[in-house]
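For reference, the structure is listed below as structure tokens.
The values are calculated or read from the model by the stated rules, or taken from the named source; none is laboratory data. Source: prediction; values computed, not measured. Positions of Cβ are generated from backbone atoms using ideal geometry, with glycine treated the same way; all protein chains shown enter the neighbour counts.
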Amino acid sequence: MSTPLQKHETVMCDRCRSTFECKANSYTKCQCSEVHLTINEVQYVSELYDGCLCVNCLRELQKEYQEQ
């Protein structure tokens with residue numbers, strides 16, 4: 001019996017371990033597109049984490065960077 005193909009992948013946030021639906025293949029619909037990071041903020045986040053992060057963690061890290 002075949003299973004329907006999933007359009008998006010469920011992933012775990014590298015920071016808080018919550019699960020969310022990754023839509024990297026449809027970036028404009030992905031929850032991470034809601035957070036507009038500067039190039040410096042992207043670099044800051046990428047130095048701390050390798051994988052996907054949920055929108056809440058992205059916002060928290062953005063704020064953390066801006067407060068430094």
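Residues that are of a type outside the set (A, V, I, L, M), outside any loop (DSSP other than H, G, I, E, B) and modelled with pLDDT under 95 were ranked within the stretch 27-44; the one that is surrounded by the fewest Cβ atoms within 10 Å (Cβ to Cβ) is T28. Residues of the stretch 53-68 that are surrounded by 19 or more Cβ atoms within 10 Å (Cβ to Cβ) and not in a helix (DSSP H, G or I): L53, C54. Would you say E47 is more than 12 Å from the chain's Cα centre (by Cα) and either in a strand (DSSP E or B) or modelled with pLDDT of 95 or more (or both)? So E47 passes the test. Looking for something closer than 13 Å to Q62 by Cβ, modelled with pLDDT of 95 or more, touching a helix residue (DSSP H, G or I) at 6+ places or on another chain (Cβ under 9 Å) and not acidic (D, E) - is there at least one such residue anywhere in the stretch 8-26? Yes, the stretch 8-26 contains a residue that is closer than 13 Å to Q62 by Cβ, modelled with pLDDT of 95 or more, touching a helix residue (DSSP H, G or I) at 6+ places or on another chain (Cβ under 9 Å) and not acidic (D, E).
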